[in-house]
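The values are calculated or read from the model by the stated rules, or taken from the named source; none is laboratory data. Every value quoted in this text rests on a predicted model; they were computed, and no experiment measured them. Cβ sites come from the backbone with ideal geometry, for glycine too, and all protein chains shown count toward neighbours. SASA here: full protein model, heavy atoms, side chains in, ligands and nucleic acids out. Shrake-Rupley method; radii C 1.70, N 1.55, O 1.52, S 1.80 Å.
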Amino acid sequence: MRRLERSIRRRLDARAALDRVVGSLPAVLQIVVAATAAYLLARGLLGHEVPLVAVTVTIVALGLARDTTPRRVVEIVIGINIGIIVAALLVQVIGQGAWQIAVILAITLVVARAVSPSAPFAIAAGVQSMLVAVLPPPDGGVFARSLDGLIGGAMALLITALIPRFDLVRQRGEATALFSLLDQSIMGLREALTAGDAPAAELALARSRRSQALIDDWTRSLESARGVAAVSPWLRSRRAGLAEEVRLLAVADLTTRHVRALARRVEVIVRDGSPRPVLAELMESAAEVVRLLGRSRDDEAARYAARAVAAVLAGRCSPTAVEGVGDQVVIVLLRPLVFDVLVHLGTPADEARALLPPL
């Protein structure tokens, strides 16, 4: 048994390693091209025999993070060049040596923290300041490294635009996973209400709580995509689609909050073990709305169908349809979910509000 467990663990580790490598290939390509180009440019244009700073600036600015954006690259480049300039000025005044390293690093970090709240910004400045403080000055003087830093930063920005690394396929996977999880959560609530099944409600609540991580992942990848698309000439045609994706993400975020609130309430009321068929039917319709909403980005027919189903569901969201305060609260919590979806799908807010029965 232990041998089997070790074998399975090795396979999982190997699979995870392969996934990391494959997922990092676009970033690796960016870094290799940018660092090589920065080296050749600094050596050929400026005549620097060892353009170490140009190469390191490029690598640090791009990094391997999936959510690298032009703004992040600019911030890192500014931090790096602040570190180079501050260190170069201090070397001219106090020279190089052990205690000078301590002084230069301390001052650089203080200046960087004053300029930006970003911790990576300060670390980038500190690392580059140490290169200036420790290495012998180049032929052109310590300020020659500032030119190398500018070349490295410019190359990182250029490659960010020319070789985008974000993955639209993965973004679709994140959106699909989120709407699938919401569908499962709502259908779990339907099952719990149909049979008065408390464990089913607990499972649906647990699923709904996992949705926030998917929202956060989708948000980061979409921000990265929009940042790169804003500067990349190859991605102009993607900008409108990404703008629509932002709107879908906004309503998906609201929907997840509503589903979590519904799940918490349903988990409480089904503890008595009583079936609630009226609420179960409403949950089934809500699940259909969410499924269609998830497909609405790529399917115009699904968008119209979602609006139609949501409009019908809105008309059924009357607290008087059920008895008991707890059951009525479930319907009250369902109303804003339906309203937000209708507004997202193009229904004017006044019309969407009019579709809901009075409280």
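In segment 186-209, of all residues being crowded, with 19+ Cβ neighbours inside 10 Å and basic (Lys, Arg), the one that is nearest to Gly294 (Cα to Cα) corresponds to Arg207. Within segment 317-334, the set of residues being without any contact (Cβ under 8 Å) to a residue 60 or more places away in the chain and within 19 Å of Ala261 (Cα to Cα) comprises Cys317, Ser318, Pro319, Val322, Gly324, Val325, Asp327, Gln328, Ile331, Val332. If you check Trp218 against the conditions, is it in contact with a helix residue (DSSP H, G or I) (Cβ under 8 Å, 6 or more places away or on another chain), among the aromatic types (Phe, Trp, Tyr) and within 28 Å of Thr56 (Cβ to Cβ)? No. So Ile107 ticks every box in (1) open to solvent by less than 60 Å² (accessible area, probe 1.4 Å); (2) touching a residue at least 12 places away in the same chain (Cβ under 8 Å); (3) farther than 24 Å from Leu41 by Cβ but one. Which box is left unticked? (1) is the only condition that Ile107 fails.
Being touching a Pro at 6+ places or on another chain (Cβ under 6 Å) and of a type in the set (S, T, N, Q) narrows it down to one residue among Ser232, Ser211; which is it? Result of the check over Ser232, Ser211: Ser232. State whether one or more residues within segment 208-221 are aromatic (Phe, Trp, Tyr) and touching an Asp or Glu at 6+ places or on another chain (Cβ under 9 Å). The answer is yes, given that some residue of segment 208-221 is aromatic (Phe, Trp, Tyr) and touching an Asp or Glu at 6+ places or on another chain (Cβ under 9 Å). In the set Thr256, Thr160, Thr176, only one residue is in contact (Cβ under 8 Å) with a residue 40 or more places away in the chain, in a helix (DSSP H, G or I), touching a Pro at 6+ places or on another chain (Cβ under 7 Å) and not aliphatic (A, V, I, L, M); that residue is Thr160.
When segment 250-269 is limited to residues that are over 21 Å from the mean Cα position of the chain (by Cα) and among the small types (Gly, Ala, Ser), the one that is farthest from Leu189 (Cα to Cα) turns out to be Ala261. Against the condition assigned to a loop (DSSP other than H, G, I, E, B) and either open to solvent by less than 60 Å² (accessible area, probe 1.4 Å) or farther than 28 Å from Leu45 by Cβ (or both), how does Pro138 come out, does it pass? The answer is yes for Pro138. Kindly check whether there is at least one residue in segment 62-83 that is of a type outside the set (A, V, I, L, M), out of contact with any His (no Cβ under 9 Å at 6 or more places or on another chain), open to solvent by 30 Å² or more (accessible area, probe 1.4 Å) and over 28 Å from Arg226 (Cβ atoms). Looking through segment 62-83, none of the residues is of a type outside the set (A, V, I, L, M), out of contact with any His (no Cβ under 9 Å at 6 or more places or on another chain), open to solvent by 30 Å² or more (accessible area, probe 1.4 Å) and over 28 Å from Arg226 (Cβ atoms). Every condition in (1) over 23 Å from His48 (Cβ atoms); (2) out of contact with any Asp or Glu (no Cβ under 6 Å at 6 or more places or on another chain) is met by Phe121 except one, and the failing one is (2). How about segment 115-130: which of its residues are surrounded by fewer than 18 Cβ atoms within 10 Å (Cβ to Cβ) and more than 27 Å from the chain's Cα centre (by Cα)? Correct list: Val127, Met130. Condition check: crowded, with 20+ Cβ neighbours inside 10 Å and assigned to a helix (DSSP H, G or I). Does Ala314 satisfy that? Against the criterion (crowded, with 20+ Cβ neighbours inside 10 Å and assigned to a helix (DSSP H, G or I)), Ala314 qualifies. Restricting attention to segment 28-86, the residues that are over 23 Å from the mean Cα position of the chain (by Cα) and part of a loop (DSSP other than H, G, I, E, B) add up to 6. The listed residues are Arg247, Arg291, and the only one of them that is closer than 17 Å to Ala204 by Cβ and basic (Lys, Arg) turns out to be Arg291.
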